[in-house]
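Single-structure report; data block below.
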Amino acid sequence: MNTKQADFVGQQFVITREFSAPRELVFKACTEAKHLAQWWGPTGFSTPVCEWDVRPGGKINVVMRSPDGEDYPMGGEVREVVPPERLVTMTGLTDADGKFVFQFLHTMTLEERAGKTKLTMHSRVIMATPDAAQCIGGFEEGMTLTLGRLAEHLERKTEPLVVERVFNAPIEKVWRAITDKDAMREWYFELAAFKPEVGFEFEFTVEHAGMSYHHLCKITEVIPQKRLVHTWRYAGHPGNSSVSFDLLAEGKKTRLRLTHTGLESFPAGESFKRENFQKGWTSLIGEELKKFVE
């Protein structure tokens, strides 16, 4: 081990944060992949891959994506799980060969106080290469921002709907399928116009069970061939939600994750039941889009 590596290993950080949410909910948000994907990483980052096997020895596989589209793969494993009060994990950034650049051992504890939850994150560097300097130097700021995103996620009180598939098709073809109105007509809905540009608004109408639903959407984020996000609401009905498409090339294949958040904002009743959205997106992504791109 050289001097630089010795300087990193053993370095410790302790970060605390209080959330206005019960401990069980905070623990759930910190251990379920569909929730973790909504807040993992600093402000502006997204997670096209977020896999957590939350049991001792379970593997962690995450890809963080910066606002400019650069991907940062992370690996690790779960060391200890004591719901809803303690979680011990090892995580670290990996290079192009899948080797760790550094490793942190994180011990997260949760204490409930009068309906609120105090989270304490104790993180210690247990392995590092000389290339880890910048990442470790920015760890405290990055984790503080990340926990800020967790607070925002908890405040929204949303239960994300996630549909993920790997297609036997190149990422260019899948991106065209979700952004070109002529291609979208083949598997999605009939759109008068569509442009993958922030601020572009599009609409379409769907007839279901004798009712007409006028969808109003606005694009809020675009990273070409990597990420597309737009709002999703209905004319004449309260509520607004968000739909994101995250793409990641895996050799000649493409992993796509669709996430729909904010379903709780729609009116209660049969028309807006979560099960209907789950069934619809599963059919569109898992059957129609798969058939079209493959």
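The values are calculated or read from the model by the stated rules, or taken from the named source; none is laboratory data. Bear in mind the structure is a predicted one, so any value in this text is a computation, not a measurement. Note: ideal-geometry Cβ built from the backbone for every residue, glycine included; neighbour counts use all protein chains shown.
For F202, are the conditions met, namely being out of contact with any Leu (no Cβ under 7 Å at 6 or more places or on another chain), surrounded by 14 or more Cβ atoms within 10 Å (Cβ to Cβ) and without any contact (Cβ under 8 Å) to a residue 60 or more places away in the chain? Talk me through it step by step, then tell me what you get.
On the way: out of contact with any Leu (no Cβ under 7 Å at 6 or more places or on another chain): no; surrounded by 14 or more Cβ atoms within 10 Å (Cβ to Cβ): yes; without any contact (Cβ under 8 Å) to a residue 60 or more places away in the chain: yes.
Answer is no for this residue.
What's the number of the only condition in (1) out of contact with any Ser or Thr (no Cβ under 7 Å at 6 or more places or on another chain); (2) under 29 Å from E264 (Cβ atoms); (3) not aromatic (F, W, Y); (4) not in a strand (DSSP E or B) that R165 fails to meet?
R165 satisfies every listed condition except (4).
Given the condition crowded, with 19+ Cβ neighbours inside 10 Å, within 13 Å of the chain's Cα centre (by Cα), among the aromatic types (F, W, Y) and within 19 Å of E140 (Cα to Cα), answer yes or no: does some residue in region 31-43 qualify?
yes
Among (1) farther than 27 Å from K291 by Cβ; (2) touching a His at 6+ places or on another chain (Cβ under 7 Å), there is one condition I219 misses while meeting the rest; what is its number?
(1)
Select from region 104-141 the residues that are surrounded by 19 or more Cβ atoms within 10 Å (Cβ to Cβ), of a type in the set (S, T, N, Q) and closer than 19 Å to P22 by Cβ and list them in ascending order.
Result: T117, single match.
Looking only at strands (runs of 3 or more DSSP E) that fall completely inside region 53-118, which ones have 1 or more residues that are farther than 21 Å from Q12 by Cβ, in the same structural domain as E32 (by TED's automatic domain parsing) and not aromatic (F, W, Y)?
Passing ranges, in order: 59-65, 71-82, 102-113.
Out of F139, F102, report the one residue that is in contact (Cβ under 8 Å) with a residue 12 or more places away in the chain and over 22 Å from the mean Cα position of the chain (by Cα).
It is F102.
Got a sec? Which of R255, R176 is within 23 Å of the chain's Cα centre (by Cα), in contact (Cβ under 8 Å) with a residue 12 or more places away in the chain and not in a loop (DSSP other than H, G, I, E, B)?
R255
For the structure I just gave you, tell me whether V49 is surrounded by 13 or more Cβ atoms within 10 Å (Cβ to Cβ), in a strand (DSSP E or B) and assigned by TED's automatic domain parsing to the domain that holds D131.
For V49, the condition - surrounded by 13 or more Cβ atoms within 10 Å (Cβ to Cβ), in a strand (DSSP E or B) and assigned by TED's automatic domain parsing to the domain that holds D131 - is met.
Within region 277-284, can one find any residue that is among the polar types (S, T, N, Q), in contact (Cβ under 8 Å) with a residue 40 or more places away in the chain and surrounded by 14 or more Cβ atoms within 10 Å (Cβ to Cβ)? Before you say what the answer is, go through the steps one by one.
Within region 277-284, the subset among the polar types (S, T, N, Q) is 278, 282-283.
With the extra rule that they be in contact (Cβ under 8 Å) with a residue 40 or more places away in the chain, the set shrinks to 278, 282.
This time we only want the ones that are surrounded by 14 or more Cβ atoms within 10 Å (Cβ to Cβ), so: 278, 282.
Yes: one or more hits.
Looking at region 219-229, can you tell me whether even one residue there is within 21 Å of E70 (Cα to Cα), touching a Pro at 6+ places or on another chain (Cβ under 8 Å) and among the charged types (D, E, K, R)? Before you say what the answer is, go through the steps one by one.
At the first step, the residues of region 219-229 found to be within 21 Å of E70 (Cα to Cα) are 219-229.
Applying the additional criterion that residues be touching a Pro at 6+ places or on another chain (Cβ under 8 Å) yields 219, 222-224, 226-228.
From the residues that got through so far, the ones that are among the charged types (D, E, K, R) too are 226-227.
Checked against the condition, which is being within 21 Å of E70 (Cα to Cα), touching a Pro at 6+ places or on another chain (Cβ under 8 Å) and among the charged types (D, E, K, R), region 219-229 yields at least one hit.
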